[in-house]
Every structure is written in C-alpha cells, then in structure tokens.
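Asker: Would you mind keeping the following structure in view while I ask a few things?
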2 protein chains.
Amino acid sequence: MRGLIFDLDGTLVDTVYAHVFAWQRAFAEAGLAIDGWRIHRRIGMSGGLFARAAARELGHDIDASAAEDLQRRHGELFREFLPERRPLPGAVELLRDLRRRKIAYGIATSGRRPEIDRSLEALGIGGDVVVVERGDVVRAKPEPDLFIACGQRLGVAPSECYVVGDAVWDQLAARRAGILSVGLLSGGYGETELLSAGAYRVYRDPAELLRSLDELGLEA
Amino acid sequence: MRGLIFDLDGTLVDTVYAHVFAWQRAFAEAGLAIDGWRIHRRIGMSGGLFARAAARELGHDIDASAAEDLQRRHGELFREFLPERRPLPGAVELLRDLRRRKIAYGIATSGRRPEIDRSLEALGIGGDVVVVERGDVVRAKPEPDLFIACGQRLGVAPSECYVVGDAVWDQLAARRAGILSVGLLSGGYGETELLSAGAYRVYRDPAELLRSLDELGLEA
C-alpha cells in the first residue's frame, strides 16, 4: 500500500462539535429546529446536500437559495464559535512521518476554500500537498468523487491506498470508490457504526493511527 | 412494569451538543485543549467528576476549586450558547401519555438546580413530579444513587421500572442499581455502545419510545 487519503474535519482537526453546534444554531434561527444528534450523523456530507436533506427530514422542502443562506450562516457562526483550529492529537506528527517516509498522502474534504484554509494552515499543509475540496468535484460525499480525484492526483490506484475518515460517509464513499477505509473515533461516531459502514480498521485518533501504521502495510 | 426513571439532557431535552461545546470552550479558555469526542463520551457524568476526569486524561491533576471554576464557566457558556431549551421530539407527549395512564415516572439527572429549571419548564414538569438532581445525592452517575433515590421516591422497586437514558453512564448506573435500562440515540451515542453498556432496548428518541411503550409491558 502506497498512500493515504485523509478527510479533514474530525479526522485531522477537532472541529466536528463546533460544526454541529453552528448548524444547529443556523437552523434554529431559520425556524427549523433540528436535533443535535441528527446533525452530527450527517456531518461530512457536503454542506448543500446536508442543508437540504436535514430540512427535508423536518418536512420542509427548501430550495437551493435557502440552502445557501443556511450554509452561509453556518459558516459565520462556525468562525465566531471557533476562531482557531486545533489539530487532533498526533495529526501533525502523522503527516510529518508520512512525508519523511515518502508515503503519498492527500486531503479530500467536503469543506470549501477559504473555510478550510485555517485548518490546513494549523496542520502545516502547504501548497505542495494535494488537497481536493468541495469546489473541485461535481458531487461530494457520500459520492466517491472526492476520493477518486485525490487518488488520481496522487498517482495512486484505489487498490494501493486507504481513505482515513471519522464519518460513516467517508467509509461509504470509499467503498463506492473501491478503496479500503480506516475509521477514526475522533469525530464522535461509535466504533461499530464505522465498522458497519465498511471500515477496514478503526483507531481512536491520528495518534493511534500513527502508532499503528505497520498494521496497514504502507511503504513508499 | 410500573414506572420509568428518565435522565434529562439528551434524553428529554436537546442539550448535549451545546453542553459538549460549552465544556470544550471552558477547557480551552483554561489552557486545557480537549478533543470534542472525548467530552461527548463523558457527558452525563456529574460535572465535578467530569472536569477532574477530563483534566486527568490530559495529564493535569486539577484540584476541587479549579474543577469548580471550570464548571462555573461551562454553565455561563452553556446559558449563553443555548438560552432556550428544546424538548426532543415526542418528549412532552410521552410524559403526558404516562400521566394519563397513571404510569409512575420521575427525573434523575446529574444536572443541578437552578441550571435544569428551564429544561423542566420546557417539558411542562411541575412541582408534582419527582425530580432527583445532583444536589440530592452524594455520588452522581455512573454511581447508581440518583436512580435508586428516584425509584424510592416513586415507590417503585428496581425490578418494576426502567431507566431511560442516552448515555453509556445511564446504562451502567442502572445496572449497578439493578434496574433494566432503555437507551435513546438522541444524545449522539451509537446503538451498539448503548447495547454493550447493557441497554435492554434502544430507540431513536422519546417519540419512538412513546410508540413502543407496549414492548415494555408498562401498566399503572
């Protein structure tokens, strides 16, 4: 195995709970009360898809422009609630170790620039790292496009790499792409939820993944 | 079976994600960065126990006064982030149905007055309902004291009632008390986590529990 394709929020940076709470407030302001746990279980999908799916679950069919308003307000609240971005334990060291060992890696996220820029910066990810974001593909997770595009840009075949992600959507999208996936508990899903969605292995956070790289048979 | 003993946060009111995020900010302000998912998985323990256990996990042994400061700041942020309290779907209807059918029920929460007052009010819980809170017992969940005290005040034996809670700590404390427990997904734990901790049944939220009361053999 030659490479790792990382999700960003909840996988490398500790942002999931701020995202959940920002979505919850944005929906509440729009008069759409939605349970926190239902938001949490949808995080990792593209924001547009998320907003429309969540509203539909509440029995409201909102149009693209209302979904965009919700997304914009979510972004504002998110930046207000969490001005800084904190890498999850071991995330920076893991990427450094992969670089040193010349194992290919990239980022494939449902987030968008410029919203994700501070997270990339906090992780020390510069312009030399492959980053595929929402704007680069037509369809976001759980569609496989982000992972397929990232693998192609890394020059690594689906059979030669893993996806690493905290959400059920990462595992499902990876399966659609024909890529094995590693689940992390750092986004707040339960272990069995990730395994049921097809995770090949589950670790607690990037620190445990770093200590366990040997189990995955990675080499340059 | 003659009664139900309810947890409050995440079980009857949609407050878990606001609690997680308020704890995360309170810890961050104190220079103690702690992962959101680790906080989430401790919610439902008593606040004092939680603050000390979380700090210890970070390698900081904080004293009782520092734990109290964290708790106070958490309370401030929580009220700022979530001025209103929203009952979870079906919660108000469920309690109304139990009242109508004269099935005994009470609340047993690790929260404290006056912090919980607004949640009780939002649920329409008045002075006639048995409410056992953190201040009424020496030890909070995962110790069984809250559930035992609530059962005694309801006049219902452990073998005659269920605990209903969203957290692993509810299921564990219920087992210690010799009471069967029902898990709800509305606090954001995974189904298997609740079953592994001993839940007898798991439902999505109070609305599904209400539709499923027949499965539990409850009568006045």
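Asker: For A:Arg38, which of the numbered conditions (1) assigned by TED's automatic domain parsing to the domain that holds A:Asp117; (2) in a helix (DSSP H, G or I); (3) not small (Gly, Ala, Ser) fails to hold?
Answerer: Condition (1) is where A:Arg38 drops out.
Asker: Right, here's the next one. Of all residues in the range B:173-196, which are farther than 19 Å from B:Pro144 by Cβ and of a type in the set (S, T, N, Q)?
Answerer: Matches in the range B:173-196: B:Ser186, B:Thr192.
Asker: Which one is farthest from A:Ala140 (Cα to Cα), of the residues in the range A:55-73 that are within 14 Å of chain B (Cβ to nearest Cβ) and in contact (Cβ under 8 Å) with a residue 12 or more places away in the chain?
Answerer: In this case the residue turns out to be A:Leu58.
Asker: Can you confirm whether the range A:184-198 contains a residue that is hydroxyl-bearing (Ser, Thr, Tyr), crowded, with 18+ Cβ neighbours inside 10 Å and in contact with an Asp or Glu (Cβ under 6 Å, 6 or more places away or on another chain)?
Answerer: yes
Asker: Name the residues in the range B:39-49 that are more than 8 Å from chain A (Cβ to nearest Cβ) and either buried (at least 23 other Cβ atoms within 10 Å of the Cβ) or of a type in the set (S, T, N, Q) (or both), would you?
Answerer: Correct list: B:Ile43, B:Gly44, B:Ser46, B:Gly47.
Asker: Would you point out the residue of the range A:15-36, among those that are free of Cβ contacts under 8 Å to residues at least 12 places away in the same chain and surrounded by fewer than 24 Cβ atoms within 10 Å (Cβ to Cβ), that is nearest to the chain's Cα centre (by Cα)?
Answerer: Of everything passing the filter in the range A:15-36, A:Ala28 is nearest to the chain's Cα centre (by Cα).
Asker: Looking at the range B:166-207, which of the residues that are among the charged types (D, E, K, R) and under 23 Å from B:Val156 (Cβ atoms) is nearest to the other protein chains (Cβ to nearest Cβ)?
Answerer: B:Asp166
Asker: Which helices (runs of 4 or more DSSP H) sit wholly inside the range B:116-189 and have at least 2 residues that are over 20 Å from B:Leu216 (Cβ atoms) and acidic (Asp, Glu)?
Answerer: Qualifying helices (runs of 4 or more DSSP H): B:117-122.
The values are calculated or read from the model by the stated rules, or taken from the named source; none is laboratory data. All of these numbers come straight from a predicted model, not from anything done at the bench. Because the Cβ atoms are built from the backbone with ideal geometry, glycine has one as well, and the counts that use them run over all protein chains shown.
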